[in-house]
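See below for the structure under consideration.
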Amino acid sequence: MDISENIKYYRKQAGYTQADLAKLLKIKPTAVSAWESGRNKPLMDKVTIMAGLFGVNISQLVGDTFEFNDISPVYNKLDTLRKKNVYNYAVRQLDEQNNVIVFPTNTKNEVSVYGAVSAGTGEYLLDNTPELVPYEGVVPEHDYAVIVNGVSMRPLFEDKQIIFVKKTFEARSGQVVIAYYDNQAYVKKYVNDEKGARFVSLNKSYDDMPIDETHETQIIGVVVL
């Protein structure tokens with residue numbers, strides 16, 4: 001399916017009307033209608049937001065017919081580290097396209113991991129003594145690292161993946177956070193909109209976790225990678 005069919009399909013799967021989606025994207029409902037009919041295509045920043053709302057990755061949403069000619073508005077909003085990651089990925093894609101053989105470099109590191117966070121049913125976090133764990137890849141600037149336990153944040157994070165976190169007690173709606181929820185630690189997307197504040201799983205098999213007076217909640221970090 002192309003992007004127009006995918007927007008309509010995933011919008012309905014997520015339970016949004018065209019008006020709901022337009023409100024979240026801060027556009028007119030006629031724009032969503034135009035996308036779904038194929039009369040127009042959304043800019044890349046709107047595609048990115050929709051992918052997060054629908055709990056799918058961007059490639060699933062855009063299909064095979066979308067032209068990525070509007071990436072610069074999204075790229076310009078990234079911080080320096082993420083711009084570097086995008087650039088390095090683009091270079092690798094170009095090398096693959098041109099059949100350039102790139103010899104692997106040694107990117108093995110050891111990172112200090114402070115326990116696990118749940119992408120499922122809950123974990124206890126932050127033992128006093130961190131464990132040194134081998135890690136292959138670029139280690140971003142971070143305050144602590146944790147291991148994901150479970151699959152509720154697929155396709156963003158896989159089970160047993162190491163993720164890196166910056167300490168903070170506040171987050172913007174849409175950010176992926178580490179949070180205590182009834183004394184257990186989770187990795188979830190923080191959402192605060194007209195439906196209320198809640199922690200959301202990208203895997204739609206898992207229910208949202210409402211943030212209200214009946215639950216003890218505290219954000220303790222924002223995931224940086």
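Among the residues in region 31-43, are any crowded, with 19+ Cβ neighbours inside 10 Å, closer than 25 Å to VAL200 by Cβ, modelled with pLDDT of 90 or more and touching a Leu at 6+ places or on another chain (Cβ under 9 Å)? For region 31-43, residues crowded, with 19+ Cβ neighbours inside 10 Å, closer than 25 Å to VAL200 by Cβ, modelled with pLDDT of 90 or more and touching a Leu at 6+ places or on another chain (Cβ under 9 Å): present. Being more than 23 Å from ASP182 (Cα to Cα), modelled with pLDDT under 80 and not basic (Lys, Arg) is the requirement here; does ASN98 meet it? Answer is yes for this residue.
What do you reckon, is LYS23 over 17 Å from the mean Cα position of the chain (by Cα), over 20 Å from ASN192 (Cβ atoms), modelled with pLDDT of 90 or more and part of a helix (DSSP H, G or I)? Answer is no for this residue.
Of the residues VAL47, VAL56, the single one that is part of a loop (DSSP other than H, G, I, E, B) and on the phi < 0 side of the Ramachandran plot is VAL56. Filtered by the rule that a residue be under 24 Å from VAL47 (Cβ atoms) and not in a strand (DSSP E or B), region 168-204 gives ALA171, ARG172, SER173, GLY174, GLN175, GLU194, LYS195, SER201, LEU202, ASN203, LYS204.
The values are calculated or read from the model by the stated rules, or taken from the named source; none is laboratory data. Quick caveat, the model's predicted, so the values are computed rather than measured. Note that we place each Cβ from the backbone using ideal geometry, even for glycine, and neighbour counts take in every protein chain shown.
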